[in-house]
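Please read the structure below before turning to the comments.
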Amino acid sequence: IKMPTYLSAQKKLLNDPKVWLITGVAGFIGSNLLETLLQLNQTVIGLDNLSTGKKDNLSEVQSLVSKKQWSKFQFIKGDISNLKTCKVACTNIDYVLHQAALGSVPRSIKDPIRTNKSNVSGFLNILQAAKEAEVKSFVYAASSSTYGDHSALPKREHIIGKPLSPYAVTKYVNELYADVFQKSYNFDSIGLRYFNVFGKRQTPNSSYAAVIPKWVDAMVKNRQIFINGDGTTSRDFCFIENAIQANILAATTTKKSALNQIYNIAVGDRTSLNQLYDELKKIIFQQTSIFHEKLIYRDFREGDVKHSQADITKAQKLLGYKPTHKVQDGLTKVAIWHLERNI
């Protein structure tokens with residue numbers, strides 16, 4: 001019987017541990033990748049400038065793994081916009097998982113220069129350093145924002161529109177650079193276009209916080225929640241466990257045809273903001289008896305797309321990707337995680 005791909009990938013890593021570099025390791029996605037890799041007894045170098053990542057995220061990972069596993073982690077405080085730092089971080093690395101970036105569409109509209117420095121110059125630095133160090137595989141976080149104004153659903157990797165924000169431009173440039181590095185230097189990579197990833201350790205406190213942690217936090221504290229538009233805006237919300245799976249499958253793939261590709265990483269579903277609100281309200285009420293009803297609709301936000309849904313066929317076919325968590329499973333886990341910290 002053929003073992004499911006993700007399980008066999010994990011088994012292989014346990015038998016033959018590798019050395020990984022995670023950029024943006026103290027961030028939400030980075031720290032979750034770190035946790036999984038350490039639990040698989042891998043050696044991990046983590047790079048982060050702590051501008052949006054948090055030391056607390058690393059402390060939490062430390063509390064969830066064994067002493068021995070934690071000793072296999074080395075943290076470098078540094079910035080990907082410094083080429084020298086990138087070269088140091090890439091020394092003797094097997095696999096790179098590049099997650100570091102300045103996220104958020106609104107932030108990029110407010111500060112395009114900083115967004116470009118981190119997401120374009122920083123990306124090029126880590127790509128160049130990884131190529132020079134001859135790492136075995138390079139996987140980077142791409143973004144569904146790259147679909148821009150292309151409105152057809154579901155989104156398929158090879159059809160994109162015009163970017164709608166500086167952030168979307170930077171993430172598209174990453175894909176272009178990765179492609180050119182293959183053509184110019186024969187350096188392979190894989191880009192994962194994340195769709196609205198959510199999970200534990202995602203901060204509710206930044207002015208650029210993602211919708212799910214922000215709403216859970218507001219509900220628990222019984223504060224107002226704002227919906228931009230009429231609430232019919234929909235997203236393909238993807239639980240963090242699915243994104244972790246995709247990274248590990250991409251890094252360890254031995255399939256030639258799977259390399260130098262871009263993949264949608266999502267569930268292939270759509271949840272409207274109204275549905276999301278109702279679902280979270282129900283979960284919070286079940287867990288705390290807090291009944292939230294301070295909901296306010298306001299204007300649609302610039303740079304946002306109305307609907308987003310991924311076609312995940314390509315990742316399923318070429319990587320063996322198989323999402324394990326639907327939106328609802330993830331929301332319950334996230335709500336409980338936040339509640340443990342808030343109450």
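Among (1) buried (at least 24 other Cβ atoms within 10 Å of the Cβ); (2) at pLDDT 95 or above; (3) in a helix (DSSP H, G or I); (4) under 17 Å from the mean Cα position of the chain (by Cα), where does Ile126 come up short?
Result: Ile126 fails condition (4) only.
Can you name the residue in the range 1-56 that is free of Cβ contacts under 8 Å to residues at least 12 places away in the same chain and under 23 Å from Gln316 (Cα atoms) and, of all such residues, is most open to solvent (accessible area, probe 1.4 Å)?
My answer is Ile1.
What number of residues in the range 254-283 are under 24 Å from Gln316 (Cα atoms), assigned to a helix (DSSP H, G or I) and among the aliphatic types (A, V, I, L, M)?
Count: 1.
Can you pull out the residues in the range 57-72 that are open to solvent by 70 Å² or more (accessible area, probe 1.4 Å) and either touching a residue at least 40 places away in the same chain (Cβ under 8 Å) or in a helix (DSSP H, G or I) (or both)?
Gln62, Ser63, Leu64, Lys67, Lys68
When only residues in the range 177-202 that are under 21 Å from Ala246 (Cβ atoms) and among the aliphatic types (A, V, I, L, M) count, which is most open to solvent (accessible area, probe 1.4 Å)?
If we take residues in the range 177-202 being under 21 Å from Ala246 (Cβ atoms) and among the aliphatic types (A, V, I, L, M), then Val197 is most open to solvent (accessible area, probe 1.4 Å).
So which of Ser81, Ser31 is among the polar types (S, T, N, Q) and over 18 Å from the mean Cα position of the chain (by Cα)?
Criteria check complete, one pass: Ser81.
Assess whether Asn32 counts as being of a type in the set (S, T, N, Q), out of contact with any Phe, Trp or Tyr (no Cβ under 9 Å at 6 or more places or on another chain), modelled with pLDDT of 95 or more and within 22 Å of Tyr194 (Cα to Cα).
Judged against the criteria, Asn32 is a match.
What single numbered condition from (1) modelled with pLDDT of 95 or more; (2) more than 20 Å from Lys214 (Cβ to Cβ) fails to hold for Lys326?
(1)
Which numbered condition in (1) open to solvent by less than 90 Å² (accessible area, probe 1.4 Å); (2) more than 25 Å from Gln99 (Cβ to Cβ) is the only one that Glu293 fails?
Only one criterion is unmet by Glu293, namely (1).
The values are calculated or read from the model by the stated rules, or taken from the named source; none is laboratory data. Remember, it's a predicted structure, so these values are computed and weren't measured experimentally. All Cβ positions, even for glycine, are placed from backbone atoms using ideal geometry, and neighbour counts span all protein chains on display. We work out accessible area using only protein heavy atoms, side chains counted, and drop any ligands, DNA or RNA first. Shrake-Rupley method; radii C 1.70, N 1.55, O 1.52, S 1.80 Å.
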